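Take a look at the structure set out below.
All of the numbers you see were taken from the coordinates with simple rules; none came from a lab. Bear in mind that the values here come from a model prediction, so they are computed numbers and not experimental data. In this analysis, Cβ positions are derived from the backbone assuming ideal geometry, glycine residues included, and neighbour counts consider all displayed protein chains.
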Amino acid sequence: MKILLADDDPITLDALRACLEPEGFTALTARDGGEALALWEKHRPDLLCLDIMMPQVDGYEVCRRVRAADAQVPVLFLSAKSEEIDVVVGLQLGADDFIRKPFGKHELLARIRAALRRVHARTNGARSFVMHDLVVYPRELRAERTGVTIDLSPREAAILELLHEKTGQVVDRDTLLNRCWGIDYFPESRTLDQHIAKLRKRIEIDAAIPTIIETIRGVGYRFRAG
């Protein structure tokens, strides 16, 4: 999933990119509103994070122009402006959320996932698949077990989607890396294993005895139904 980040502070942009890219998001960065609009027209990202005070075209105007062409794409304002009127103006222009600076990584990721879930629920319905007792909603970046929601990163959702697509088959490590990281990504040797271990802790009933993501030593991983 592509996220457009627009902020005139390069340090903030670097910090936002460092927060999002390890989670599997593709970050498109703009230093001003004009560049943000050009990137939006070219790439049509899945979500926009906009600062308000930017050169050329401010965040409010970017939001207004985007909303005039697309009523669905989530727009989040990230701003140090914290007066009630600033929040009200942003929401009236069609923003989905307003996050006051400074904010933490986990808050940002949670709000982004929530906004993406809302838009995909509206536009795509409840597209899902089942892995034993786990229901996965890949476009909403979440899974559910007995009514409990488990947040997923885009990369985690992609891993589960691929394993489900290949149910009963062993998916080798290269295929997983190419599909879920990209063919131009050259990971460290244990990157995939570390992601799988982290994911198991949250989706398996007992991560020590996994039933959803089975390890096939020396080859890759497998999901077996039944």
Legend entry - Highest-MSF residue in the chain out of VAL119, VAL75, VAL88 [GNM, Cα springs under 10 Å]: VAL88
Inset, instruction - Work the Kirkwood hydrodynamic radius out for the range 134-220: mean of 1/r over every pair of different alpha-carbon atoms, inverted, in Å. - result: 13.4 Å
Inset, instruction - Using only the Cα atoms, work out Rg/Rh for the range 1-79, with Rh taken as the Kirkwood radius, to two decimals. - result: 0.93
Inset, instruction - Give the peptides 29-36, 175-182, 142-149 in descending order of average Cβ contacts within 10 Å, highest first. - result: 29-36, 175-182, 142-149
Inset, instruction - Using only alpha carbons, build the gyration tensor for the chain and give me the equivalent ellipsoid semi-axes, biggest first, whole Å. - result: 35, 18, 15
